[in-house]
Amino acid sequence: MNKYVATVLKDLKARYPWEAEFLQAAEEILESLGPVMEKEPKYQANKILERLVEPERTICFRVPWIDDKGEYQINRGYRVQFNSAIGPYKGGIRFHPKVTLSTLKFLGFEQIFKNSLTGLPMGGGKGGADFDPSGKSDNEIMRFCQSFMSELFRHIGPDTDVPAGDIGVGGREVGYMFGMYKKLRNEFTGVLTGKGLSFGGSLVRPEATGFGVVYFAEEMLKTKKDSMKGKKVAISGFGNVSWGAVQKCNHLGAKVVTISGPDGYIYDEAGISGDKIAYMTEMLKKDRMSVAPFAKKYKSAKFIPGKRPWEVKVDVALPCAIQNELDLNDAKTLFKNGCKVVVEGSNMSSTLDAVRFFVEKKILFAPGKASNAGGVATSGLEMSQNSIRLSWTAEEVDERLHNIMKGIHKACVESAKQYGFEGNYVVGANIAGFKKVADAMIAQGLV
Ligand code: 2IT
């Protein structure tokens, strides 16, 4: 490993030994930047890595709310404003019981590079709370979102920091947060993305992340003179990302045979298409914790409890659920079963050793920061529409999204090649995302 990179990583590990997820993301990114540090000493001279790994600002706050029984509840809320070198902080908000500052630092750090890759002017940020939305009533969700925003509003703004959804935060939650922001500021601006269509949201935003993942997979396959058509696909998760990915796989003639939840996975030999896709949304609304009802409703589907879908023999795997959902054993099983393409839909879907295994075996592997960037890219398009006070058609947004995904793919391929790592999308994505941000930081001086 490059000496400068090794020193920065060692210091980081000593400083935040409890932030396992953040350290994992930092290691994956920094270790692939070694060749850049060697070729361009200006980055070390400007202490770019030391600066990059520290968020510009971290906000931690109390989120008090009242549940339906009238009992007081207290959660922890966060916003990590990681880097604003190339634009206002931008990134989603995650509501999940396991959220810690480490989770949001890992996500915010990834977001810097992802947003840079989109080619749009967006810095990196992420927020969230250790709030568990499953089983909560609509009123409880609303009260929580309102309380969360009653603190967050003073730290964000359309030219400062623009949050959006993530796990546990969809259109409903964004709507409640937007309403509270508007009331407190007396201002109607595009301060959040993923809004409802009637108040500034963009067409195609709900399905954009999943669409982008499959567009990216198609571009990767094209480099092997192949395509998604006729491919058997395993997808994990059943939320926003999976939902869009299942649709786009069907559009491109692939057959999706799995989706999953925290309780296990669904195997459907007949393929998940048609009204089964709409049913995924129904399940999400009912109970975020279970995919089992899918097998009750559809005869061709089998529910496999307690397992992940990576044991199924498929051509393409799209992990779209949560971080570290695919480990080294899963990677080996996929490889043994002949899977040739793994494209991350969730952020940091794969553990570090799984990533290294894919790269070593020359599997077509795309890291989430490149392949799932279609979501935030379309958020960027929503910001543009809000600024010019116009709405684009679905076709126009989709075409821009498609072109952005092609552009990201090209940037990954070219950067990897330039540094002698042909076909390595991990290195390609990290280098391409890094350079733009690092050069902007140098140009702006020590701030
Ligand atoms: O991980 C992600 O890129 C997101 N959750 C979307 C962020 C955004 O600002 O749309």
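The values are calculated or read from the model by the stated rules, or taken from the named source; none is laboratory data. This is a predicted model, so every value here is computed, not measured. Here the Cβ positions follow ideal geometry from the backbone for every residue, glycine too, while neighbour counts run over all protein chains shown. Heavy atoms of the whole protein, side chains included, go into the accessibility calculation; ligands, DNA and RNA do not. Shrake-Rupley method; radii C 1.70, N 1.55, O 1.52, S 1.80 Å.
Relative intensity of region 19-162 on a log10 scale, I(q)/I(0) at q = 0.16, 0.18, 0.20 Å⁻¹, equals -0.86, -1.02, -1.18, per a Debye sum over C-alpha point scatterers of equal strength in the absence of solvent. Ratio of Rg to Rh for region 21-101: 1.14 [Cα atoms; Kirkwood radius as inverse mean 1/r over pairs]. Each 5 Å bin, from zero up to the one with the longest distance, holds this percent of the alpha carbon pairs of region 269-357: 3, 13, 20, 22, 20, 14, 7, 1.
Rounded to the nearest 20 debye, what is the charge dipole size of the chain about its Cα centre when +1 sits on each Lys and Arg Cβ and -1 on each Asp and Glu Cβ?
440
Evaluating kT/(6 pi eta Rh) at 10 °C and 1.306 mPa s, with the Kirkwood radius of region 86-201 over Cα pairs in the Stokes-Einstein relation, gives 111 µm² s⁻¹. Here residue 58 sits with roughly 60 square angstrom of accessible surface, probe radius 1.4 Å. Highest mean packing first, where packing is the average number of other Cβ atoms within 10 Å per residue, the peptides 212-222, 329-339 line up as 212-222, 329-339. Working ranking of peptides 142-149, 102-109, 48-55, 37-44 by packing, defined as the average number of other Cβ atoms within 10 Å per residue, highest first, is 102-109, 142-149, 48-55, 37-44. Only one residue of 264, 230, 213 has its Cα farthest out toward the positive end of the dipole of region 144-298, where Lys and Arg carry +1 and Asp and Glu -1 on Cβ, and that residue is 230. Principal axis extents of the C-alpha atoms in region 186-325 (largest first, rounded to whole Å): 54, 40, 30.
Largest first and in whole Å, what are the equivalent-ellipsoid semi-axes of region 128-272 based on the Cα gyration tensor, each being the root of 5 times an eigenvalue? Taking √(5λ) for each Cα gyration eigenvalue gives 35, 19, 11 Å. A convex hull fitted to the Cα coordinates of the chain yields 136 cubic angstrom per residue. For the peptides 393-399, 433-439, residues were scored by their other Cβ atoms within 10 Å and the scores averaged per peptide; the highest-first order is 433-439, 393-399. Within the shell defined by Cβ-Cβ distances under 9 Å, the residues around residue 376 carry a net charge of +2, with Lys and Arg each +1 and Asp and Glu each -1.
Per the Cα gyration tensor, region 335-447 maps to an equivalent ellipsoid with semi-axes of 28, 20, 12 Å, ordered largest to smallest.
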